[in-house]
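Have a look at the structure below, then the notes.
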Amino acid sequence: MQLHTSRLIRAPWLGGSAAALAVVLWALVPLLVAQAGELPPLRLSAQALLAGALGTLPMARRGQRRGARLSRGHGVVVHAGVPLLMAGAVGACFASFSLAPPAEAALLTYTWPVLFLLASRWLALGRLPLATLGGALLAFSGAALLVAPQVLAGGFSGAWGGYGLALVAALCWALYSLACQVPGWRLGERMPHLLLTASVMTGVASLVLEGVSELPSPPALLATAALGLGPYGIAMLAWDRAMRDPQARRVGNLAHAVPVLATLFLVLAGITTPDWRLPVAAVLVLAGSMTASR
């Protein structure tokens, strides 16, 4: 344990580099989902998670260690609870893109760094500093800027279902990031099995809720493979490495750039029309997250 920790300290740049890689890959999610738009969200989730499991198998086995088995209680949490968080995060995220504008749903989903920060500060300090609360309020005001016109125009209607699912995805991502910080769980080494279990969960939900559909087109399959290998394969391993860094809280601040990059990618691809609310909301989320992390 001391040797493992010393290696992390001697190479502090690894945590930041891993987090930056995960951030760029996660920012591509809305764009790749748009390319695979013909697939129902749960089926897309199951296929992407399956591709992620296959893609992470060689990298995860390379760092596998013997011994140090989990207790029965921790084993249930890791092998059932963590895949459930993965399935909830990915499935709810994809479903929100089908019910709400992708840029707005992505921005709401990527408020999860704020939720992660609030939870980690509470667990570490037993309280929430004023700067943390103020920053979280500022970040959520950015999300409110997106949904406020819906309320003023017609009350609780329109894309509210998509907004709610986006917030569910944000909560699942925050809890997953907390799980990555538990050193004894070694999620990176178990990533293929966790992703495979999450794929089975979403696949069963897809059969129950979406039924059976025709085989997707080659472009949709290509986008699904890219989702699995990138945002839900390499990025998951990279984020696990970043969360085990001694400066995990500071490294985690890089995740606040995801909504900005995601919106930028959608605009550059011509999928989203530039709107003054999107950059303002992105700046508020970023500023609030950075304020809360001080």
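The values are calculated or read from the model by the stated rules, or taken from the named source; none is laboratory data. Since the model is a prediction, treat every value here as computed from it, not as a measurement. Here the Cβ positions follow ideal geometry from the backbone for every residue, glycine too, while neighbour counts run over all protein chains shown. All accessible areas refer to the heavy atoms of the entire protein, side chains included, with ligands and DNA or RNA removed. Shrake-Rupley method; radii C 1.70, N 1.55, O 1.52, S 1.80 Å.
Descriptive notes on the structure:
- Global geometry of the range 171-260, whether rounded, prolate or oblate, following the gyration tensor of its Cα atoms and the 1.5 cut on a/c: prolate
- Heavy atoms of L123 accessible to a 1.4 Å probe, total area in Å² rounded to 10: 130
- Sorted peptide list for 181-190, 25-34, 211-220, criterion being average Cβ within 10 angstrom, highest first: 25-34, 181-190, 211-220
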